[in-house]
Amino acid sequence: CGGYPGTTLDKIDTDAQTFASWGVDFLKLDGCYSNEEEQQKGYPLMSKALNATGRPIGYSCSWPAYRGGLPPSVNYTLLGEICNLWRNYDDIQDSWDSVQDITDWFFDNQEILQPEAGPGRWNDPDMLIIGNFGLSVDQSRSQMALWAIMAAPLIMSNNLRTLSSEARAILQNGAAIAINQDPMGVQGRRLLQERSHIEVYWRPLSQSASALVFLSRRQDMPYRYHTSLAKLNYTAGSYEAYDVFTGKTLSGLSATTEFTVSINPSGVVMWYVYPKMHHEHTQDDGRYPYIRQKYRMSSSLRFHMPRVVPPSLL
């Protein structure tokens with residue numbers, strides 16, 4: 001895309017073997033300056049060539065972004081067979097407007113896109129821009145939360161040498177990372193768009209847990225949003241909610257308990273919600289809440305991403 005020579009169809013096998021010999025773990029194959037016929041041939045051929053190297057190389061395809069991102073122009077069944085993740089939509093820019101535009105496109109089309117995601121095959125709304133220049137701290141938390149709800153790949157685009165402590169805390173948030181990388185791999189959904197410009201997003205998680213995100217599209221002041229879990233389609237029972245960005249736990253929630261969350265303009269409140277009885281049955285062995293134990297991180301800047309392997313190697 002920068003104008004340098006790319007991979008031509010007759011060099012795909014050579015390039016794949018070369019990447020493998022270099023110890024490459026991840027390849028993103030873009031489509032700049034190619035045409036529809038070349039893409040139709042090239043993306044499957046590169047998948048086959050990467051598998052033939054014997055090295056597990058995560059394979060990111062930009063193919064759907066060049067075909068409008070939606071069926072019938074995009075065959076997501078085929079993509080799931082040949083790619084580990086794929087760029088569906090426009091490149092992200094370093095701005096809150098860009099984050100909102102991408103979020104809107106993905107959730108406006110969630111009925112089509114959500115079922116296509118799962119372990120080893122992910123929709124990719126593009127990079128995290130947290131730690132660059134365009135987002136406030138609240139907006140940075142919002143992108144992290146929304147990308148976690150979408151089960152999106154978390155690929156940083158920032159300069160680690162100039163990363164602020166606020167951005168670092170968001171990128172290292174163990175609870176947000178755990179939600180993002182939940183082993184069930186179910187992409188979340190938008191539940192509500194309120195007239196107050198508050199939106200609610202939800203994602204089912206392992207161990208009967210779930211994630212909720214309350215997003216404010218307002219620009220004026222913090223908004224106090226009143227609701228209950230029952231209004232968000234939760235069944236009767238007793239729940240606890242762990243606030244991902246404050247670290248506080250809200251106990252004693254029944255499905256019908258009315259509660260209020262205060263959401264900053266262009267900010268989020270993100271909860272990890274779990275049934276209280278499940279918590280009581282498992283707390284003695286130190287494994288619960290799952291989110292705080294398994295993904296606790298040290299103060300050093302470490303990121304653990306599970307190796308993504310092409311489906312044919314699994």
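Just to verify a number: what accessible area does W96 come out at with the full protein assembly present, 1.4 Å probe, Å² rounded to tens?
30
Radius of gyration and Dmax for segment 195-276's Cα atoms, expressed in Å?
12.4, 38
Pairing the Cα long axis of helix 96-108 with the longest principal axis of the chain, what angle in degrees results, from 0 to 90 and rounded to the nearest 10?
Rounded to the nearest ten degrees, it is 90.
Under 17 Å between alpha carbons, and skipping anything fewer than 8 positions from K28 in its own chain: which lysines qualify?
K11, K41, K48
For Y234, Y274, write out the residues from largest to smallest accessible area, computed with a 1.4 angstrom probe and no ligands counted. Walk me through the numbers on the way to the answer.
On the way: Y234 30, Y274 0 Å².
Sorted by accessible area, descending: Y234, Y274.
Have a look at the DSSP beta bridges in the chain and tell me what percent are antiparallel, nearest 5. Each step should come with its number before you reach the end.
On the way: 32 of 42 bridges.
DSSP beta bridges in the chain are roughly 75 percent antiparallel.
If you fit an axis through the alpha-carbon atoms of helix 12-21 and take the longest principal axis of the Cα set of the chain, what angle between them do you get, 0 to 90°, nearest 10?
The answer is roughly 60 degrees.
On a 0 to 90 degree scale, rounded to 10, what angle separates helix 36-52 from the longest Cα axis of the chain?
80
For segment 138-279, compute Rh as the Kirkwood radius over C-alpha pairs and then the Stokes-Einstein diffusion coefficient at 10 °C and 1.306 mPa s; write the answer in µm²/s, rounded to an integer. Present the calculation step by step, with values, prior to reporting the outcome.
Working: Rh = 15.5 Å.
Estimated via Stokes-Einstein, D reaches 102 µm²/s.
Scaled to the compact-protein estimate 2.2 N^0.38 Å, what is the alpha-carbon radius of gyration of the chain, rounded to two decimal places? It would help to have the intermediate numbers written out before the result.
On the way: Rg = 20.5 Å, N = 314, 2.2 N^0.38 = 19.6 Å.
For the chain, the normalised Cα radius of gyration comes out at 1.05.
How high is the FRET efficiency between S262 and L70 when r is their beta carbon distance and R₀ equals 51 Å, given to the nearest 0.05?
Between S262 and L70 the formula returns 0.90.
Only Cα pairs under 8 Å and at least 6 apart count here; give the relative contact order of segment 1-114 as a rounded whole percent.
Details: 113 pairs, mean separation 25.6, N = 114.
It comes to 22 percent, rounded to a whole number.
Given a Förster radius of 35 Å and the C-beta distance between K48 and I112 as r, what FRET efficiency does 1/(1 + (r/R0)^6) yield to the nearest 0.05?
Values: r = 27 Å, r/R0 = 0.77.
That gives a FRET efficiency of 0.85.
Below 8 Å, C-alpha to C-alpha, sequence gap of six or more: please give me the relative contact order for the chain in percent.
15
Based on the Cβ-Cβ distance from N159 to D104, what FRET efficiency comes out when R0 is 22 Å, to the nearest 0.05?
Numbers: r = 28 Å, r/R0 = 1.28.
Plugging the Cβ-Cβ distance into 1/(1 + (r/R0)^6) gives 0.20.
Can you spot the aspartates and glutamates whose alpha carbon is less than 18 Å from K276's alpha carbon? Ignore those fewer than 8 places along the same chain.
Cα-Cα hits under 18 Å: E240, D243, E258, D284, D285.
Regarding segment 11-137, what is the average projected area of its C-alpha convex hull, in nm²? Walk me through the numbers on the way to the answer.
Details: hull surface 35.7 nm².
Projected area, direction-averaged: 8.9 nm².
What's the carbon and sulfur percent of the chain's accessible surface, probe 1.4 angstrom, rounded to a whole number?
On the way: 7700 of 15160 Å².
Accessible surface attributable to carbon and sulfur in the chain totals 51 percent.
To the nearest 500 deg cm²/dmol, what mean residue ellipticity at 222 nm is calculated for the chain from DSSP H runs of n ≥ 4 alone, each contributing -39,500 (n - 2.57), summed and divided by the residues?
-8500 deg cm²/dmol
In Å², and per residue, what accessible area does segment 101-243 have when probed at 1.4 Å with the other protein chains present? Spell out each step's value before the answer.
Working: 5780 Å² over 143 residues.
Accessible area per residue: 40 Å².
The values are calculated or read from the model by the stated rules, or taken from the named source; none is laboratory data. Just so you know, these numbers come straight off a predicted model, no measurement behind them. Every residue, glycine as well, gets a Cβ built from its backbone with ideal geometry; the counts of neighbours run over all protein chains shown. What goes into the accessible areas is simple: the full protein's heavy atoms, side chains included, and nothing from ligands, DNA or RNA. Shrake-Rupley method; radii C 1.70, N 1.55, O 1.52, S 1.80 Å.
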